[in-house]
Amino acid sequence: MRTTGHEPELQAACKAVRLAAGLCQRVQQVLKDDEKTNKLDASPVTIADYGAQALVAWSLQQSLPQQKFSMVAEEDATDLRKEDAADMVSSLSKLVNAVLTEQGADALREGQILDLIDTGSSEGGSQDRHWVLDPIDGTRGFVGMRQYAICLGLLDAGKVVAGVLGCPNLPKAAITDADGLAGSALRSGKADVGCLFAASRGNGAFVGSIAGDEMPSTRINVQEQYSKPEEARFMESFESRHSDFNFSGRVAQLLGVTKPPLRLDSQVKYGALARGDAAIFMRFPKKGYREKIWDHCAGAVIVEEAGAIISDAAGTPLDFGKGRFLDLQDGIIAAPASIHPALVKAVQEALAQQE
């Protein structure tokens, strides 16, 4: 990777994501029922979500001690500070400190770990720099032994300038339908599995192994050989609760796409798009749902630096400088420049047919 103005931050982000990925890998296959719960919105959260967030916050501050630290992240320690959470906090502390000990770092007290989790409370916005973290994107996939990603982006004056995706269960070769199903986690840690995607603005997108400590060095690009939309394959969420499958199917039909969808959890889809496993990404959540910036920040800069266009359903660029939420039109789509205009047109036609 070429040296850029954000090289120190990108290196720090890769280190932090790898540290969190190591924790997640050791938890996923042995996760206990008392180490996961549901939040008020019915979305799951696990001990690994909390542990990954604490480790990323710790690692970034250790790597960049001279920089002001601000982080917008999915989790907070509110529930962990309740009396009935003592057992989970104890388990969390042991887990985080086991990872830190392996790094030769001093152990942290329980209160310090909870405070690290709460550093993710920043509101972000269009001023200053803010890290944007989803410690485990695709927690349902994580619990279901499928794909998930640790997603870390960097905002500078409201613009995404760097992003890293850690995908412990993603094969290094082109993904297949089976790689999105339950059981894909069983191959985690094998030599041919585990990818780390990284990009900084104006520098391109790269992929490497999630193992080790080398920066990702294999440049990736979207596959422009898809000159016609009907030749492409599209991706969507694994679970129908996250996106309207019927609507995306209608869009695909209007495009002339004949291949079945590739369904994957999390921002793994952005990594798969960036390296050419598929050419189209579509996400159409239920009306009233507000997208959070951590669900797309890291992946957005990676697909853009790989040569794709990402936008809302009307073709408007995503704005990450409004705070913790993305206020956008109807959904999110991404595709190579050769396909994106036709994709926007098909989405608008499908929306018109619903009226």
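Before moving on, here are some points about what is shown:
- Considered as an equivalent ellipsoid built on the Cα gyration tensor, region 103-223 has semi-axes of 26, 21, 15 Å, the largest given first.
- For region 231-279 versus region 120-185, the gap between their alpha-carbon centres in whole angstrom: 17
- Cα convex hull of the chain - mean projected area over all directions, nm²: 16.4
- Straight-line cross-link reach from K172 at under 18 Å between alpha-carbon atoms covers these lysines, not counting any fewer than eight positions away in the same chain: K190, K269.
- Using a simple spin-label model with pseudo-atoms 7 Å out from Cα toward Cβ, E123 and Q29 lie 4.5 nm apart.
- Close amide H contacts of V193 (hydrogens built in the peptide plane, cut-off under 5 Å, sequence separation of 5 or more or a different chain): K172.
- For the chain, the relative contact order comes to 17 percent (Cα pairs under 8 Å, sequence separation of at least 6).
- Look at the alpha carbon pairs under 8 Å that are at least 6 residues apart: their mean separation over the length of region 228-319 gives a relative contact order of 32 percent.
- Built from the Cα atoms of region 217-355, the convex hull projects on average onto 7.9 nm², one quarter of its surface area.
- Region 229-354 - share of DSSP beta bridges that are antiparallel (%, nearest 5): 65
- Whole-Hz ³J(HN,Hα) from phi, Karplus 6.51 cos²θ - 1.76 cosθ + 1.60, for region 313-320, glycine and proline x: 5, 8, x, 7, x, 6, 10, 8
- The helix-based estimate of mean residue ellipticity at 222 nm for the chain, built from -39,500 (n - 2.57) per DSSP H run of four or more residues and divided by its residue count, is -10000 deg cm²/dmol to the nearest 500.
- Cut-off 20 Å, label 7 Å out along Cα→Cβ of E349, residues of region 250-277 by amide N: 250-261
- Note on K322 and A98: the extension gain reaches 76.9 nm, defined as 0.36 nm multiplied by sequence separation minus the Cα-Cα distance.
- Sorted on the mean count of surrounding Cβ atoms within 10 Å across their residues, most packed first, peptides 271-281, 80-90 read 271-281, 80-90.
- Applying the Karplus relation 6.51 cos²θ - 1.76 cosθ + 1.60 with θ = phi - 60° to region 274-281 yields 3J(HN,Hα) values of 4, 9, x, 5, 8, 10, 9, 10 Hz, where x marks Gly and Pro.
- Average silhouette area of region 221-303, convex hull of alpha-carbon atoms, in square nanometres: 5.4
- Highest mean packing first, where packing is the average number of other Cβ atoms within 10 Å per residue, the peptides 101-109, 186-194, 246-254 line up as 246-254, 186-194, 101-109.
Read the figures in this text as sums done on the coordinates, not as results from a lab. Fair warning: this is a prediction, and the values are worked out from it, not measured in the lab. We place every Cβ from the backbone using ideal geometry, glycine too, and count neighbours over all the protein chains shown.
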